[in-house]
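To start, the structure itself, in structure tokens.
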Amino acid sequence: MKIEPRQVEAFLKKPDPKIRGVVVYGNDDGLIAERAVALARTVCDDLKDPFRVVDIAGDALKNDPARLADEFGAMSLMGGRRVIRVRPAGEEAAAALENLAAASAGDALIVIEGGNLTPRSGLRALAETEDCLAALPCYMDNEAALEGLVESAARARGLGVDPDALDWIVERLGGDRGQSRSEVDKLLLYKEGDGSKTIARGDAIAVLGDTAAIGIDDVIAATFDGELVALDRALDRVFAEGGNPVQLVRALQRHADQLHLVAGHAAGFNGKGGGNLEGAMFKARSLPRGGPVRQRFERHLRAWPLARLGAALQVILEAEIQCKTTGLPDEAIARRLCQRLAQAGPAARQRR
């Protein structure tokens, strides 16, 4: 049985009693671990209980494919239902899972952390098709999922989140659930005991990032989106806080260079442009596999053709040279550069 996205939360709280084994898989290791723990705790809240919790490495099942069926039918010495955690696991666990599905009796819950299994995976296919098994996908969080994560975590502590703060937090979280959860937990710990029941943008800035770097990120986003009004506000904020104009120019250069690199590889797949964009994305350095940062990068990539990116890099290089050689105010050079680039951005072009 495949667990659909709309079914996930209910399944994690109360798995179907007929399910004896769950394969948790996907490209988000943090979310896999989080959901596997949630499932295991529906059986035994103390995952260190030696009588009711058993840990098995996936490769151990290769030479002992009867192990899961045996564990499924075994009784706890101290009473209570048992949970069997298999991690990490791959195709070597498929035969053991098949034996589990055929087992005659037992009441343990088997939770398998399967990693990024493809649709052709035998382990995944078995979990999706057997009535007594379940396949639970875990993929990188999108913007809506990140908003839900932040709001639910805050609500559990009796806190609300200002809309402006929520937008800011989500923009800076990556797609990995484990990393996102860690950042949100830091923010909630910061808010404990300050008497306020609402998380404001200032709280998030105080905990989750350096304001100069944050401001530069806002400038980059507005510049390559062509949002001229937002760009003016972001530039005013950066320079009011003592931002370095040369640092800003170099940040624009790094972003444009990343876009140019990926766009070039995408064009190279078929020699004409518009090739395998997803494959080319792997060339981007330090780019999250999901979340708002990646979505923004993909948006810029689609809006800026390769030739326009090449021209942008030349303009940025000229601006950096001007900062070093002309004696003109660096801030004025940086502002003019951002405005010039933004005029070529998608929002500015649509207004013409």
Does any residue of region 97-105 turn out to be free of Cβ contacts under 8 Å to residues at least 40 places away in the same chain and not in a helix (DSSP H, G or I)? yes
Identify, please: which residue in region 125-144 is surrounded by fewer than 23 Cβ atoms within 10 Å (Cβ to Cβ) and among the charged types (D, E, K, R) and is, among those, nearest to R35 (Cα to Cα)? E128
Matching residues in region 109-124 (over 13 Å from R87 (Cα atoms) and buried (at least 20 other Cβ atoms within 10 Å of the Cβ)) number 5
Those residues of region 150-167 which are part of a helix (DSSP H, G or I), surrounded by fewer than 21 Cβ atoms within 10 Å (Cβ to Cβ) and of a type outside the set (K, R), in sequence order: E151, S152, A153, A156, P163, D164, L166, D167
Cβ-Cβ under 8 Å, sequence separation 6+ or interchain: first residue in region 218-244 and without any contact (Cβ under 8 Å) to a residue 60 or more places away in the chain, partner assigned to a helix (DSSP H, G or I) and among the basic types (K, R). Which pairs? D218/R237
Taking region 17-48, which residues are in a loop (DSSP other than H, G, I, E, B) and in contact (Cβ under 8 Å) with a residue 40 or more places away in the chain? K18, I19, R20, G26, N27, D28, T42, V43
Selection over region 6-16 where residues are touching a residue at least 60 places away in the same chain (Cβ under 8 Å) and either of a type in the set (G, A, S) or open to solvent by 70 Å² or more (accessible area, probe 1.4 Å) (or both) yields a count of 0
Taking region 181-238 and keeping residues at pLDDT below 85, within 30 Å of W304 (Cβ to Cβ) and not in a helix (DSSP H, G or I) leaves G209, D210
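The values are calculated or read from the model by the stated rules, or taken from the named source; none is laboratory data. What you are looking at is a predicted structure, and each value in this text was computed from that prediction instead of being measured. Cβ atoms come from the backbone with ideal geometry, glycine included; neighbour counts cover every protein chain shown. Note: accessible area is taken over every heavy atom of the protein model, side chains too, but ligands, DNA and RNA are not part of it. Shrake-Rupley method; radii C 1.70, N 1.55, O 1.52, S 1.80 Å.
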